[in-house]
Amino acid sequence: MARRFTNTSSFRKFSIPLIAGAGFFAATSTLAATLDPNQFSSLGFLGGASIALNSSSLTFNGGSGGVLVSQGVGLPDIAVFTFDGGSTLGDVSISGSNPVAILFRGSASITGQIDISASGRIGVAGGGNGGLGGQSAADGEGPGAGLGGSSSGSVSGIGSGSGGGFGSAGESGGAGPTFRSGGIAYGDPLSDALQAGSGGGGGGFGPFRSGGSGGAGGGALEIGALNALLLDGASIVANGGTGATSFAGGGGGSGGGLFFHAFDISIAGNSSVTANGGNGGSFGAIGNQGGCGGAGRIQMLYNTAGSFSNLGTVQATSGTGSAFCDQTANGFTVVTSNNVGVPAVPSVPLPASLALFGSLIGFLGVFAWCSSRAV
């Protein structure tokens with residue numbers, strides 16, 4: 001099932017070795033064609049000023065301009081916004097329910113803040129909502145949704161929701177007869193399907209407990225440049241929401257999905273990219289605490305003939321609100337492909353001799369014109 005409307009004949013397999021001690025791992029995977037910036041009309045040049053994108057209305061700074069691209073049955077559509085090469089992407093405000101892709105028809109720099117984290121139980125940019133807590137505790141939304149807690153009247157005190165899964169499975173909620181398993185992991189790799197995080201389940205309700213809502217999953221964002229992509233002073237965040245605290249806490253939402261692709265990718269030391277899971281709602285006892293959300297997914301895809309460097313902070317881990325959360329989970333991968341972007345064409349300085357020749361020709365032309373006027 002291809003994620004793109006682009007040429008699917010470019011599917012290929014590749015393998016690169018494990019990179020030790022670098023804070024990420026390289027994976028063997030099958031890649032579909034990435035979104036090609038040249039297949040979309042440009043909305044113009046960005047000079048670093050703040051912009052606003054709405055993935056539902058497809059608006060850029062309040063005006064039309066986005067394009068909705070289908071990824072296929074069962075996958076979310078992507079709102080695509082394309083800009084000129086040489087642009088600088090400053091602060092970006094993103095609203096709407098669809099995942100977002102920001103593309104550049106050349107090289108680009110990212111210097112601002114982009115936050116598509118969950119706000120409580122409500123997700124943005126494709127993030128699944130958290131389940132409502134209470135008498136009829138609801139499951140979260142998304143492929144790795146956490147489960148709602150027990151509302152059995154015969155069980156007192158324990159009935160929390162489980163965490164949503166994505167880059168790793170969500171943590172379980174409840175205990176004993178109210179046990180709820182965490183949401184499943186899914187969505188590897190992001191280059192095949194751009195997906196967001198899933199919501200945690202709501203906490204249950206009973207004689208001695210009331211349920212908190214689950215946290216939503218982090219959103220999904222793709223940033224692609226045809227040539228080089230530089231993150232310099234950038235802060236890009238797609239964290240899952242925290243489950244609401246109650247006697248039966250809601251499960252945390254999983255981190256979201258962040259996908260970057262270019263011929264060359266460079267992350268400066270003053271930049272950060274995070275897609276961490278949300279914490280479960282905590283009341284104290286183990287069975288009352290909602291399960292933590294699983295890790296999100298971050299994927300960096302660059303050309304095999306290009307380069308990748310990371311001096312910044314890139315992190316996709318599960319929630320950290322409990323000793324039972326899998327805090328070793330890491331959803332950050334770096335992969336290569338021969339079919340990503342094109343190398344930037346360097347400007348070639350004019351040779352001194354040729355420049356002198358051009359100046360001489362210009363001088364002779366002016367002299368001839370003046371001579372003709374004097375006749």
(message) Sorting check: for 165-178, 84-97, which peptide has the highest mean count of neighbouring beta carbons within 10 Å, and how do the rest follow?
(response) 165-178, 84-97
(message) I'd like the distance between the alpha-carbon centres of the stretch 117-149 and the stretch 228-281, rounded to an integer number of Å.
(response) 17 Å
(message) Show me, for the stretch 305-317, the HN-Hα J-couplings you get by feeding each phi into the Karplus relation (A = 6.51, B = -1.76, C = 1.60, θ = phi - 60°), rounded to Hz, glycine and proline as x.
(response) 8, x, 9, 9, 9, 9, 10, x, 10, 10, 8, 9, 10
(request) Starting from the amide H of Ser235, placed 1.01 Å from N in the peptide plane, find each other amide H under 5 Å away whose residue is 5 or more places distant or on another chain. (result) Gly112, Gln113, Ile114, Ser272
(message) I need the calculated FRET efficiency for the pair Ser136 and Ser93, taking r as the beta carbon distance and R₀ as 30 Å, to the nearest 0.05.
(response) 0.30
(request) Please compute the net charge surrounding Gly126, taking Lys and Arg as +1 and Asp and Glu as -1 over other residues with Cβ under 12 Å from its Cβ. (result) -3
(message) For the ranges 112-121, 234-243, what's the packing order if you count other beta-carbon atoms within 10 Å of each residue, average per peptide, and put the highest first?
(response) 234-243, 112-121
(message) If amide hydrogens are placed 1.01 Å from N in the peptide plane, which non-local residues have theirs closer than 5 Å to the one on Ile122?
(response) Gly130, Ala216
(message) Can you order the peptides 197-203, 181-187 by their average number of other Cβ atoms within 10 Å per residue, highest first?
(response) 197-203, 181-187
(message) Loop-only chymotrypsin sites (Phe, Trp or Tyr not before Pro) in the stretch 187-291, please: DSSP not H, G, I, E or B, and at most 15 other Cβ atoms within 10 Å.
(response) Phe208
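Values in this text are rule-based calculations from the coordinates and carry no lab data. The shown structure was predicted, so the numbers you read here are calculated from the model rather than taken from an experiment. Heads up, the Cβs are rebuilt from the backbone with ideal geometry, glycines too, and the neighbour counts pull from every protein chain shown.
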